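To start, the structure itself, in structure tokens.
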Amino acid sequence: MPTKESTPFQVTPGKIIAVHLSYASRAAQRGRTPASPSYFLKPSSSLSASGSTVERPAGTELLAFEGEIALVIGEPAHRISVGEAWNHVAWVTASNDWGLYDLRSNDKGSNLRNKGRDGYTPVGPELIDARTVDPAALRVRAWRNGDLVQDDTSGAMIFPFSRLIADLSQHLTLETGDVILTGTPAGSSVAVPGDVIEVEVDAPTVEGAPSSGRLVSRVIEGPGGFDPALGSLPSVDDHQREEAWGSREAAGLGEPGPALSPALRAKLLETPVAGLSQQLRKRGLDNVAIDGVRPSVPGTKMVGVAKTLRFVPNREDLFRSHGGGFNAQKRVFDSVGEGEVIVIEARGERGSGTLGDVLALRAQVRGAAGVVTDGGVRDYVTVAETGLPVFSQGPHPAVLGRKHVPWDSDLTISCGGATVQPGDIIVGDDDGVIVLPPSLAEEVADAALAQEAEDAWIARQVADGHPVDGLFPLNAEWRARFEADHGTGE
């Protein structure tokens, strides 16, 4: 057990507060950028010093290191401003926010079991006087077995130190000796028994380049034997592996197969929505049409993978807390990927716009395949001129706050009476918009194209003067003729 004498602190900190996600490089790696900082607590019993060992319990695999800049509070802080915040920091040092991802799923958010274990918060070895450094010019680096794997500066943080301190102080009193772990940049990854991880924080732009020195941790295998009668057992899946290692490639997983391959996309661009609807109905799926939406530009064809956004009915206090800043709506339009369709749940409420020209342009620039909303659209003509396929209930001049609060994203929603999940395949044309379950998409597309070929042949026979009786649908005689013309007979 580490003692207070084994760390650079004179007294054991009363609180250790850690930030979930605070560096732009890490946010880019994770594929999400938070609108506001979020935090979790680590117990003081997790503290250890440079040179300590870190245990990976037997039977687990995802022990991840996170090199971080640690701030030590000097003067207590309660309800202070951003401008005052740095004056309440006494010291800066290095830290390593170790976590065991095998224990992450049930405690995600609190991180108690996976990050609160004994020895999982090494700090030090030296303290840098906060008064001597620029808080926006600190550097954090980490090495694994001598190889540099993390290298970033506090100037690249989404949330500057002063904002973190001021934000925390409006909720609780930061006391003398409290430690804030300020988040990790890209490069955090998995360590195995035998690895040596080093972290250093310094101020390279200051004369003398004050430094924390190298914080050294040696990974060893510790005891396992978790009792299932007491709580969750370690468990991992490919998502946890990807997040622990930092990428699918680093985890040895390779890239996931696309839900919408180029070949399938090409088929769906040729297939009318009416034909897809018919084939889905044959397979027992009747509730897959997004009702009430029409394209802004007639003749539009849209094919893409769903990225979902949900609005809730406007309530003034909730709009004040969720409607401004980098809200859920802006985050979705700012992060939509190439080939994705933003699908918006607006509850069929057309009395307000759910997007306008600026957001439509942002989605178009990012390569989005389109937008579907069961609400209204502002700047209707300008949005149409962007070339982005948009299906909606029609135009409305009002801003979002009249009827809606942008609430959350990337979850199962209802749009136009249809359930839409992230990753569903969305197809739209002049007949409307339909939702394709990815597992059925290829089969349904092939069947619909085959039916289209048959219907086109039937239309030619009718145009040649044949009556529809026995031809539509095909009876045995006409079926034989069709198959003979298409070489599909026995």
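In percent, how large is the relative contact order of segment 16-251, given Cα pairs closer than 8 Å and 6 or more residues apart?
Contact order relative to length: 31 percent.
How big is D for the chain, in µm² s⁻¹ as a whole number, if Stokes-Einstein is applied with the Kirkwood radius of its Cα pairs at 10 °C and 1.306 mPa s?
Value of D from the Cα-based Kirkwood radius: 61 µm²/s.
What lysines could a cross-link reach from Lys115, if we take a straight Cα to Cα line under 26 Å and drop same-chain neighbours fewer than 8 places away?
Lys4, Lys15, Lys42
Scaled to the compact-protein estimate 2.2 N^0.38 Å, what is the alpha-carbon radius of gyration of segment 287-436, rounded to two decimal places?
Details: Rg = 13.5 Å, N = 150, 2.2 N^0.38 = 14.8 Å.
Taking N as the residue count of segment 287-436, the ratio is 0.91.
Based on the Cα atoms of segment 270-361, what semi-axes does the equivalent ellipsoid have, where each is the square root of 5 times one gyration tensor eigenvalue, given in whole Å with the largest first?
29, 16, 13
Give the residue from Val341, Leu361, Phe326 lying farthest towards the positive end of the charge dipole for segment 317-371; charges sit on Cβ (+1 for Lys and Arg, -1 for Asp and Glu) and the dipole is referred to the Cα centre.
Phe326
Return the ratio Rg/(2.2 N^0.38 Å) for segment 149-223, where Rg is computed over Cα atoms only.
1.39
Dividing the alpha-carbon radius of gyration of segment 399-482 by 2.2 N^0.38 Å (N being the number of residues), what value is obtained? Don't jump to the answer; show the numbers that get you there.
Numbers: Rg = 20.4 Å, N = 84, 2.2 N^0.38 = 11.8 Å.
Computed over Cα atoms of segment 399-482, the ratio equals 1.72.
Taking every pair of distinct Cα atoms and averaging 1/r, then inverting, what Kirkwood hydrodynamic radius in Å comes out for segment 71-126?
Evaluated on segment 71-126, it is 13.5 Å.
Net charge around Pro389, counting only other residues with Cβ within less than 11 Å of its Cβ (Lys, Arg = +1; Asp, Glu = -1)?
So the surrounding residues net to 0.
Using only the Cα atoms of segment 16-251, each taken as one equal point scatterer with no solvent, compute I(q) by the Debye sum, divide by I(0), and report log10 of the ratio at q = 0.18 Å⁻¹.
-1.42
Working from the pairwise distances between different alpha carbons, so that the mean of 1/r is found and then inverted, what is segment 357-451's Kirkwood radius in Å?
Result for segment 357-451 stands at 15.1 Å.
Normalising by the residue count of segment 268-382, find the relative contact order in percent from Cα pairs under 8 Å and 6+ residues apart.
27
Per-residue counts of other Cβ atoms within 10 Å, averaged by peptide: what ranking do you get for 261-268, 366-373, 399-406, 464-471, highest first?
Per-residue Cβ counts within 10 Å, averaged per peptide and sorted highest first, yield 366-373, 399-406, 261-268, 464-471.
Ratio of Rg to Rh for segment 147-291, alpha carbon only, Kirkwood? Present the calculation step by step, with values, prior to reporting the outcome.
Numbers: Rg = 25.3 Å, Rh = 21.9 Å.
When Rh is taken as the Kirkwood radius, the ratio is 1.15.
Just to compare against my own numbers: the Cα pair-distance distribution for segment 110-205, 10 Å bins, whole % per bin, please.
Over segment 110-205, the share of Cα pairs per 10 Å bin runs 12, 40, 38, 10, 0 percent.
Dipole size in debye (nearest 20) for the chain around its Cα centre, Lys and Arg Cβ +1, Asp and Glu Cβ -1? Each step should come with its number before you reach the end.
On the way: 45 positive and 65 negative charges, 250 e Å.
In total the dipole reaches around 1200 debye.
Before rounding to the nearest 500, sum -39500 (n - 2.57) across all DSSP H runs of length at least 4 in the chain and divide by the residue total; then give [θ] at 222 nm in deg cm²/dmol.
Dividing the helical sum by the residues of the chain leaves -7000 deg cm²/dmol.
Read-outs throughout are calculated quantities, based only on the coordinates presented, and are distinct from any laboratory measurement. Given the structure is predicted, the values throughout are model-derived calculations rather than measurements. Positions of Cβ are backbone-derived with ideal geometry, glycine not excepted, and every protein chain shown enters the neighbour counts.
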